[in-house]
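Working notes, structure below.
The values are calculated or read from the model by the stated rules, or taken from the named source; none is laboratory data. As the structure is a computational prediction, the values presented were derived from the model and not from experiment. Please note: Cβ atoms are built from the backbone with ideal geometry, for glycine as well, and neighbour counts cover all protein chains shown.
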């Protein structure tokens, strides 16, 4: 059935596609200007003139042919510039075109590239996608004996105004014609009555006068294929998948998700529960940092949410149990900012041991207090670590290299690194340590882990550092112990309540205390860490959406899946009850569907089944799979 449908499509539909800013992300002449004028003394002036002439050609104040002649004179290109141009254009093919290479190969007889650009640099790009050379209609350069461009073929209709219309008339294609492009000349084909529909392509550039004339606005080739039932690479266009990123996540994350084709919206701060409830509707992908609280109430209203990315280490701001029940996968960045947090801990430890913070404040007030009183080296001191995970272990290694003796306590069995000594109880660490650094997670049972009782067993003059979670320390007890001198210095980066945005005043009982460093939750806020997180979290979310892989998910059974080839992938999330896998396989067997691969993993709440099947199947089976009792979520991947 699929074979017959494909051939009917090939007989009845033709696709006319523009090159500049459609097939590629860029205008070829802009790239050529950077190459041919690279060492020219008038480079910037000429580039400005080229832009001005391009605009004159577009607004009709000069003819297109005159515009072309003037730009070529300014560019002064030669044949030896073309290899570099072609290389750059190959690296600038639109992302959605790269994703859908199969479409170009499958319908190669019916796809035409019609461009006012030049065949010499267009052909090497588009033929790699299976487009036939004879289906590429563009201008052609004229070269002199030295390879310098001296003009173009003026007989070619594409060198003049209305060239695309004239060229298409000559083709006289016997069927429906669909035009995809970003410019007014592409719309002119439809306006002339030669095309059934004009699709304004906006993945790379948006022109309001073009969008207003379009039958459809298509933010990606995925959208065009979906509308015309020509999907090959994916089952659903990603521009229809809404992504909401809060709290100023790193720009690289925004770029990666947009490049993948998602419809991305960003917001600079956290949202309140009520704000997020309103905003979460129709959002499929949510990205947050540490301040946004994804509560059960929020998840109740998340009617389309598939995945949450926490652009930080912790996930205690997310109701993981409720997310799991609703079939929403959660990913975080457990390692990406480890080094940044460790470096801050080391820096603060040294600053506090030397009373640098107070001395600096005095200096700014004009007080010269040169004294060694209360100042110590860290060498030879005992560092006590409460929590010995990724951060604790790395801090342990660096502290030892500074000459410190390390003791640690963790509720889980952790292998010590270097000469670090594992203690049986937390009190054993607190009693010995000159410096105590907290590195525990945000579970509720860790609330007020350090309070009056714990401070009482610490050494007189202890240095206390908390870069973990705000609620693990009783702030009032800490204040009292700073004022009494029991705690000689402290550094706090996390607080029980933190301002939602930079506009809100920070309130704390710790403000104004001696030898106390307060920082606004910046342990992982280095450019390196944020860039690492910005790369890591989107990659995990995209893997989940694209392949179903749940590697590194904090709440889903972890499955690393191979890339799907020549099959459909069925993703079934269900309550972890017996018999679901049997029901899935029975349904597939009843419909004569062959399983080419299957993967199952469960946790205490959900079961996660991935089934790869042959491409030929009765679509009625999808409805039946969705209807299996205890199904939470079901989706199909191509």
So, restricting to helices (runs of 4 or more DSSP H) that lie completely within segment 240-300, which ones have at least 1 residues that are modelled with pLDDT of 95 or more and closer than 22 Å to residue 525 by Cα? 251-259
If I filter segment 81-91 for residues that are in contact with a strand residue (DSSP E or B) (Cβ under 6 Å, 6 or more places away or on another chain), modelled with pLDDT of 95 or more and assigned by TED's automatic domain parsing to the domain that holds residue 168, do I get at least one hit? yes
All positions within segment 186-201 that are touching a strand residue (DSSP E or B) at 6+ places or on another chain (Cβ under 6 Å) and either assigned to a strand (DSSP E or B) or over 22 Å from residue 94 (Cβ atoms) (or both): 196, 197, 198, 199, 200, 201
Could you name every one of the helices (runs of 4 or more DSSP H) located completely within segment 330-404 that has at least 2 residues being in contact with a strand residue (DSSP E or B) (Cβ under 8 Å, 6 or more places away or on another chain) and in the same structural domain as residue 494 (by TED's automatic domain parsing)? 338-353, 390-401
Provide a single number: the residues in segment 38-65 that are over 26 Å from residue 163 (Cβ atoms) and surrounded by 15 or more Cβ atoms within 10 Å (Cβ to Cβ). 1
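Residue-by-condition table, conditions (1) at pLDDT 95 or above; (2) outside the structural domain of residue 284 (by TED's automatic domain parsing); (3) outside any loop (DSSP other than H, G, I, E, B):
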| site | (1), (2), (3) |
| --- | --- |
| 517 | yes, yes, yes |
| 532 | no, no, yes |
| 537 | yes, no, yes |
| 540 | yes, no, yes |
| 546 | no, no, yes |
| 570 | no, yes, yes |
Looking at segment 118-128, is at least one residue more than 22 Å from residue 98 (Cα to Cα) and assigned by TED's automatic domain parsing to the domain that holds residue 215? no
One residue is enough: does segment 479-493 have a residue meeting the conditions within 38 Å of the chain's Cα centre (by Cα), under 20 Å from residue 439 (Cβ atoms), free of Cβ contacts under 8 Å to residues at least 60 places away in the same chain and buried (at least 21 other Cβ atoms within 10 Å of the Cβ)? yes
Being under 26 Å from residue 472 (Cα atoms), free of Cβ contacts under 8 Å to residues at least 40 places away in the same chain and under 14 Å from the mean Cα position of the chain (by Cα) is the requirement here; does residue 288 meet it? no
Reported set for segment 592-621 where residues are outside any loop (DSSP other than H, G, I, E, B) and touching a residue at least 40 places away in the same chain (Cβ under 8 Å) is 599, 601, 602, 606, 607, 608, 610, 611, 612, 613
Out of curiosity, is residue 208 under 32 Å from the mean Cα position of the chain (by Cα) and surrounded by fewer than 16 Cβ atoms within 10 Å (Cβ to Cβ)? yes
Any residue at all in segment 28-37 that is over 34 Å from the mean Cα position of the chain (by Cα), free of Cβ contacts under 8 Å to residues at least 12 places away in the same chain and assigned to a helix (DSSP H, G or I)? no
For segment 242-259, which residues satisfy the criterion of being under 22 Å from residue 225 (Cα atoms) and surrounded by 21 or more Cβ atoms within 10 Å (Cβ to Cβ)? 243, 257
Going residue by residue through segment 159-173, is there one that turns out to be farther than 16 Å from residue 114 by Cα, modelled with pLDDT under 95 and out of contact with any helix residue (DSSP H, G or I) (no Cβ under 6 Å at 6 or more places or on another chain)? no
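Condition check ((1) surrounded by fewer than 24 Cβ atoms within 10 Å (Cβ to Cβ); (2) touching a helix residue (DSSP H, G or I) at 6+ places or on another chain (Cβ under 9 Å); (3) outside the structural domain of residue 440 (by TED's automatic domain parsing)) across all residues:
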| position | (1), (2), (3) |
| --- | --- |
| 271 | yes, yes, yes |
| 277 | yes, yes, yes |
| 285 | no, yes, yes |
| 294 | no, yes, yes |
| 308 | no, yes, yes |
| 317 | yes, no, yes |
| 323 | no, yes, yes |
Among the residues listed as 181, 151, the single one being in contact (Cβ under 8 Å) with a residue 40 or more places away in the chain and closer than 22 Å to residue 26 by Cα: 181
Only one of 448, 419, 427 is surrounded by 13 or more Cβ atoms within 10 Å (Cβ to Cβ) and assigned to a loop (DSSP other than H, G, I, E, B); which? 448
Kindly indicate whether any position in segment 252-270 is over 24 Å from residue 501 (Cβ atoms) and more than 13 Å from the chain's Cα centre (by Cα). no
Residue 441 fails exactly one of the following numbered conditions: (1) surrounded by fewer than 18 Cβ atoms within 10 Å (Cβ to Cβ); (2) closer than 18 Å to residue 345 by Cα; (3) touching a strand residue (DSSP E or B) at 6+ places or on another chain (Cβ under 7 Å). What is the number of that condition? (3)
Look at residue 453 and say whether it is touching a residue at least 12 places away in the same chain (Cβ under 8 Å), surrounded by fewer than 24 Cβ atoms within 10 Å (Cβ to Cβ) and out of contact with any helix residue (DSSP H, G or I) (no Cβ under 7 Å at 6 or more places or on another chain). no
For segment 133-176, which residues satisfy the criterion of being closer than 24 Å to residue 70 by Cα and part of a helix (DSSP H, G or I)? 157, 158, 159, 163, 164, 165, 166, 167
Regarding segment 364-380, can at least one residue be identified that is crowded, with 17+ Cβ neighbours inside 10 Å and farther than 30 Å from residue 545 by Cβ? yes
